[in-house]
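To keep things clear, I will list the structure first and then write my remarks on it.
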Amino acid sequence: MAELTKCEAIIHQGILGDAKWFSYGANKTHGLPRTNADKQRAVQAALAHPKAAGMSDVQIAEHCGVHQTTVSEWRKKLEPLKESLSGKRTGGDGRTISTAARLAMIASRRCALAVMIARSAPRSSLGHAEVSPGRQRSASGALRRGVGLGQTTGD
């Protein structure tokens, strides 16, 4: 058996935390294909890493070599709501977004959507609104366009 006296290596400068961060994206494009469990472990570890604290789901997904929804789903599972409310996240475009402001905006849109649907839906004998999936989509689209149901944008 021949003795190996040389091997090629790529050396990165840094500390243990840097090595761990690098490892979450290692082997995403070469080597044995990663299993779903491997990818999920990488995402979970990346979300727990201090470097990920201000990063968007897209940025973490690109680093780990997974889809953004995988990161989003794991973030929801791993981050308590109060931690999310106190922080800021920086998107891939460089904009910093207060997560509290973002959550408030989403909540107000959902509330407005519920009101629009409730006002326009036929009532059952018990007074409950009967809303079809198509009516929900119409209300959601109207809310995105900034108009009420049955109104037009004037175009």
**Asked** Just a yes or no: is a residue in the range 6-20 surrounded by 13 or more Cβ atoms within 10 Å (Cβ to Cβ), touching a residue at least 12 places away in the same chain (Cβ under 8 Å) and either closer than 21 Å to Thr96 by Cβ or in contact with a Ser or Thr (Cβ under 8 Å, 6 or more places away or on another chain) (or both)?
**Response** no
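Considering every residue within the range 57-69, establish whether at least one is in contact with an Asp or Glu (Cβ under 7 Å, 6 or more places away or on another chain) and closer than 23 Å to Asp93 by Cβ.
yes
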**Request:** Looking only at the range 25-35, decide whether some residue is within 22 Å of Glu73 (Cα to Cα) and of a type in the set (D, E, K, R).
**Result:** yes
**Fill in**
Among Ala9, Ala42, Ala46, the single one that is not acidic (Asp, Glu) and not assigned by TED's automatic domain parsing to the domain that holds Cys64 is Ala9
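The values are calculated or read from the model by the stated rules, or taken from the named source; none is laboratory data. None of these values were measured; they are calculated from a predicted model. Cβ coordinates were reconstructed from backbone atoms using ideal geometry, including for glycine residues, and neighbour counts include every protein chain displayed.
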